[in-house]
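J.: Once you've had a glance at the structure underneath, I'll fire off some questions.
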Amino acid sequence: MRVEMNLDVQHCNDDIDSKIEEFKQDSDKMNELNLFLDSVLDEAQRNAEIKLQNKLEEERPKNGNKLLSGIKQHRMVTRTRGIVLRIFEAICNCTNSATIPGQRPATAPAGTSSKM
């Protein structure tokens, strides 16, 4: 069974354009469309305001003191930075003080040689 499709776009565009013009000429339909769009936009604005209010309430500190929570947050950042720096220094000290295999340790001065 073979199905053929007709994709005559120009014929459809002419029909759609004429329907759009006819719709625009009818003032009752345009008023109804404007009322519908206004109600959709009002509802979207109310939903956006509610979401924004909920987000602000979630971000607000529970104890109501922003200065105190800011100080606590700064303290946590400082502690975390200190821990990371100590870990980094420990890793760097380990890598700097470790001897590379095949290399002589640099414990004796370079100008002296030991006789055995």
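The values are calculated or read from the model by the stated rules, or taken from the named source; none is laboratory data. These numbers were taken from a predicted model, which means no experiment stands behind them. Please note that ligands, DNA and RNA were not included when accessible areas were found on the heavy atoms of the full protein model with its side chains. Shrake-Rupley method; radii C 1.70, N 1.55, O 1.52, S 1.80 Å.
J.: Any idea how many residues of segment 68-89 are open to solvent by less than 100 Å² (accessible area, probe 1.4 Å) and at pLDDT below 80? Reasoning before the result, please.
T.: Just the residues of segment 68-89 that are open to solvent by less than 100 Å² (accessible area, probe 1.4 Å), to begin with: 68-71, 77-78, 80, 82-85, 87.
Add one more test, that the residue is at pLDDT below 80, and what stays is 68-71.
The number of residues fulfilling the criteria is 4.
Condition check ((1) of a type in the set (Phe, Trp, Tyr); (2) in a helix (DSSP H, G or I); (3) modelled with pLDDT of 85 or more) across all residues:
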{"residue": "Asn6", "(1), (2), (3)": "no, no, no"}
{"residue": "Asp14", "(1), (2), (3)": "no, yes, no"}
{"residue": "Lys29", "(1), (2), (3)": "no, yes, yes"}
{"residue": "Glu32", "(1), (2), (3)": "no, yes, yes"}
{"residue": "Asp38", "(1), (2), (3)": "no, yes, yes"}
{"residue": "Ala48", "(1), (2), (3)": "no, yes, yes"}
